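One structure is given below, encoded as structure tokens.
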Amino acid sequence: MSERSVELPGIGTKFELETENGDKVAIVFMNSGRNQIYIIEKGRDNPAAAELNAKEARRLGSILSGAIIEAEREAVEIAFSALSDLRIRVHTYVIPKKLAGRSIADLRIRTESGATIVAVSRKNVNVISPDPSHVFQEGDIVVAIGESDQLKAFETRILGP
Amino acid sequence: MDEIVVALLCCLVLALAARRLSLPPVPFYIIAGVIAGNYGLTALRTGGIAEYFSHLGLIFLLFYSGLEFRPQRFLSRGSSFVTSGVLDLAVNLAIGFFGALALGFSPFQAFVVGAAFLDTSSAIAVASLIENRKLASRESETIVWLLIFEDLVMVFLIFFVSTDVGNPFFLLAKIAAVVLLIFVAVRLLSRQIAAVVQRDDDLPALFTVTAVLAAIAVAAALGIPEAVPVIVLGSALSRTNPAAFERIVTPFKDVFLVVFFFFFGTTINLLGEISIVLILAVSLLAIAAKAIGGLAIGRALHHSTAAGIEIGANTVAHGEFAIALAAIYGSGLVSSTVAAMVIITSILGVFTARYSASLAALIRPRP
């Protein structure tokens with residue numbers, strides 16, 4: 001695997017990666033915030049290209065770094081290269097009506113399931129690291145982290161059937 | 001005052017239309033100016049605000065180019081930067097100069113034509129490379145750095161051609177003093193400047209515009225060419241935070257340059273000294289020069305004719321500096337002819353860049 005980076009004045013920066021196989025991937029980070037990806041198959045001349053905006057690039061980046069995307073409700077699994085046994089799952093959930101009016105402490109989320117609520121979003125207002133006394137409303141989106149069985153427990157015991 | 005509003009409104013509409021058609025807007029600004037000026041659609045006078053804004057357009061363009069003059073970047077490119085630049089310079093200057101001489105221009109005017117031939121429109125070339133998704137290739141790197149080399153040459157040309165009046169030694173002494181003063185001042189204040197430029201409020205823009213206008217004022221007071229302190233200021237400030245200054249100055253440069261192109265158009269007298277044959281000849285020479293230069297660079301740097309065709313095809317469009325040079329130093333005839341050449345090649349250049357692969361196939365059919 002060999003790598004090079006080139007400044008393209010007036011455009012941005014290009015990173016090229018040649019794989020062991022002989023394929024080449026080039027990524028151009030443009031000053032405008034958009035990105036282009038080129039893939040040149042080994043032995044061919046003409047690259048295929050795709051253009052991504054910043055959000056799409058981040059998404060692609062997190063997929064390439066090993067995160068898994070689930071079909072229903074968004075989830076991401078984070079693995080750190082230095083701590084390969086550590087796999088944290090991050091999952092979003094919508095608070096149903098039956099939990100409305102109750103707080104994190106009241107529901108004993110950490111005790112009952114092992115998962116931790118790290119953020120609550122209500123009508124585009126985000127609260128990160130919410131207090132245990134934070135009261136939920138129906139429709140709040142929460143971000144929960146934990147191992148898969150902890151999140152499963154959260155889904156079955158707290159959110160309910 | 002009304003003329004400028006009419007001009008800007010016109011240009012706004014044209015810019016939108018041109019973008020729709022994926023064409024560069026600059027040729028249309030000039031054409032609009034030509035039509036407005038010549039056929040007396042409105043009795044557009046130059047002078048006053050229009051002239052001042054046009055002037056500022058050139059000034060900000062020079063400042064912006066000064067910002068690009070950062071020797072450290074070129075070192076990392078190595079000899080390929082110089083090789084491609086010199087080939088480009090030699091081929092275009094030679095074909096332009098001798099071609100213009102042959103067509104009957106005086107030596108100085110022929111030199112202006114040759115210099116104009118050199119200037120590829122960075123805006124069009126870069127936009128084409130991005131749109132046509134050509135950035136993976138090594139040729140695209142060569143092209144992009146070649147544009148920087150050309151800008152530097154243009155800046156040097158303007159710098160030196162504008163300093164050949166009056167008592168040379170006294171003038172050079174004054175220029176040297178100003179250059180030194182600017183570099184030292186920026187160096188001493190570099191931390192404060194860096195802090196100002198990072199701010200979110202009006203200070204960065206205010207600082208930059210004031211500095212540029214002050215540079216013009218100093219030039220006027222000392223009797224040295226304006227290009228000198230403006231370019232030097234750009235180059236000195238590029239050592240602090242070039243990206244931020246580019247970001248700050250771009251809106252001013254863009255708007256004032258539009259005014260410049262439009263009112264430059266109004267100075268072109270279609271019914272006066274214009275020869276279609278001359279325009280076509282010059283345009284063909286300009287295209288040939290870029291094609292040959294591109295081929296030379298492609299073979300020298302990439303050892304490939306295909307790369308050469310690609311480089312040529314992407315550099316056919318000529319740009320603002322060509323017009324600026326012709327406007328400042330050219331006679332009426334040179335000015336109009338070069339403007340027409342720029343209009344023709346910049347539109348053609350969009351298509352040669354887009355269809356360069358087909359062009360390559362035409363020129364060297366592959367089995």
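The values are calculated or read from the model by the stated rules, or taken from the named source; none is laboratory data. This structure is a prediction, so every number in the text was calculated from the model and none was measured. Virtual Cβ from ideal backbone geometry, glycine too; neighbours counted across all protein chains shown. Only protein heavy atoms, including side chains, enter the accessible area calculation; ligands, DNA and RNA are left aside. Shrake-Rupley method; radii C 1.70, N 1.55, O 1.52, S 1.80 Å.
Accessible area per residue (1.4 Å probe, heavy atoms of protein chains only) ranks A:ARG122, B:ARG187, B:ARG73 as B:ARG187, A:ARG122, B:ARG73, with the largest value leading. Annotation: B:TYR329 carries an accessible surface of approximately 40 Å², with a 1.4 Å probe and no ligand, DNA or RNA atoms counted. Distances between placed amide hydrogens fall under 5 Å for A:ASP140 paired with A:ILE95, all partners being 5 or more residues away or on another chain. Using θ = phi - 60° in the Karplus curve 6.51 cos²θ - 1.76 cosθ + 1.60, the 3J(HN,Hα) couplings for segment A:123-140 round to 6, 6, 9, 9, 10, 9, 6, x, 4, x, 7, 4, 9, 7, 10, 4, x, 4 Hz; x is entered for Gly and Pro. The largest accessible area among B:LYS290, A:LYS98 belongs to the first residue in A:LYS98, B:LYS290, and the rest follow in falling order (1.4 Å probe, all chains).
Note on chain B: GNM, Cα springs under 10 Å; of B:ASN314, B:ASN132, B:ASN92, the largest mean-square fluctuation is that of B:ASN132. Applying the Karplus relation 6.51 cos²θ - 1.76 cosθ + 1.60 with θ = phi - 60° to segment B:332-337 yields 3J(HN,Hα) values of x, 5, 4, 4, 5, 5 Hz, where x marks Gly and Pro. Under the combined filter of DSSP loop state and at most 13 neighbouring Cβ atoms within 10 Å, segment B:103-135 retains none of its chymotrypsin sites (Phe, Trp or Tyr not before Pro).
If you take the square roots of the eigenvalues of the alpha-carbon gyration tensor of segment B:100-178 and sort them as a ≥ b ≥ c, do you get rounded (a/c under 1.5), prolate (a/b over b/c) or oblate? Here segment B:100-178 falls in the oblate category.
As a length-normalised measure over Cα pairs under 8 Å and 6 or more apart, the relative contact order of chain B settles at 31 percent.
Among B:ALA324, B:VAL282, A:PHE29, whose Cα projects farthest towards the positive end of the dipole of the protein assembly as shown, with charges put on the beta-carbon of Lys, Arg (+1) and Asp, Glu (-1)? Ranked along the dipole, the leading option is A:PHE29. Considering only B:LEU56, B:PRO225, A:ALA153, the residue lying farthest towards the positive end of the dipole of the protein assembly as shown is A:ALA153, judged by Cα position with unit charges set on Cβ.
Partner lysines whose Cα lies under 22 Å from the Cα of A:LYS14, excluding those fewer than 8 positions away in the same chain, are identified as A:LYS24, A:LYS42, A:LYS55, B:LYS134.
Oblate is the label for segment B:109-264. Its Cα gyration tensor axes, ordered a ≥ b ≥ c, give a/c of at least 1.5 and b/c at or above a/b.
If Lys and Arg each add +1 and Asp and Glu each add -1, what is the summed charge of the other residues whose beta carbon sits under 13 Å from the beta carbon of A:GLU41? Kindly include the intermediate steps, with their values, before the conclusion.
Details: positive: A:LYS24, A:LYS42, A:ARG44; negative: A:GLU18, A:ASP23, A:ASP45.
Around A:GLU41, the surrounding residues sum to 0.
For segment B:1-131, a simple Cβ point-charge model (Lys and Arg +1, Asp and Glu -1, everything else neutral) yields a dipole of about 260 debye relative to the Cα centre.
Each of B:VAL212, B:LEU8, A:ASN124 was placed along the dipole of the protein assembly as shown (beta-carbon charges, centred on the mean Cα), and the one lying farthest toward the positive end is A:ASN124.
Per residue, what volume in Å³ does the convex hull of the Cα atoms of chain A enclose? It is 165 Å³ per residue. Residue-normalised convex hull volume from the C-alpha trace of segment B:1-122: 170 Å³ per residue. The overall shape of chain B is rounded: from the C-alpha gyration tensor, with semi-axes ordered a ≥ b ≥ c, the ratio a/c is less than 1.5. Between 0 and 90 degrees, the angle of helix A:54-64 with respect to the longest Cα principal axis of chain A falls at about 90 degrees. Taking the centroid of alpha carbons for each part, segment A:87-161 and segment B:301-345 are 63 Å apart. Considering only C-alpha atoms, what is the centroid distance from segment A:1-58 to segment B:108-122, in Å? Going from one Cα centre to the other spans 34 Å. Net charge in the neighbourhood of A:VAL135 (other residues with Cβ under 11 Å of its Cβ; Lys, Arg +1, Asp, Glu -1) is -1. Here the accessible area of the protein assembly as shown is 63 percent carbon and sulfur, with a 1.4 angstrom probe and all protein chains present.
The amide H of A:ALA119, built 1.01 Å from its N in the peptide plane, has A:SER129, A:VAL143 as neighbours under 5 Å, considering only residues 5 or more places off or on other chains.
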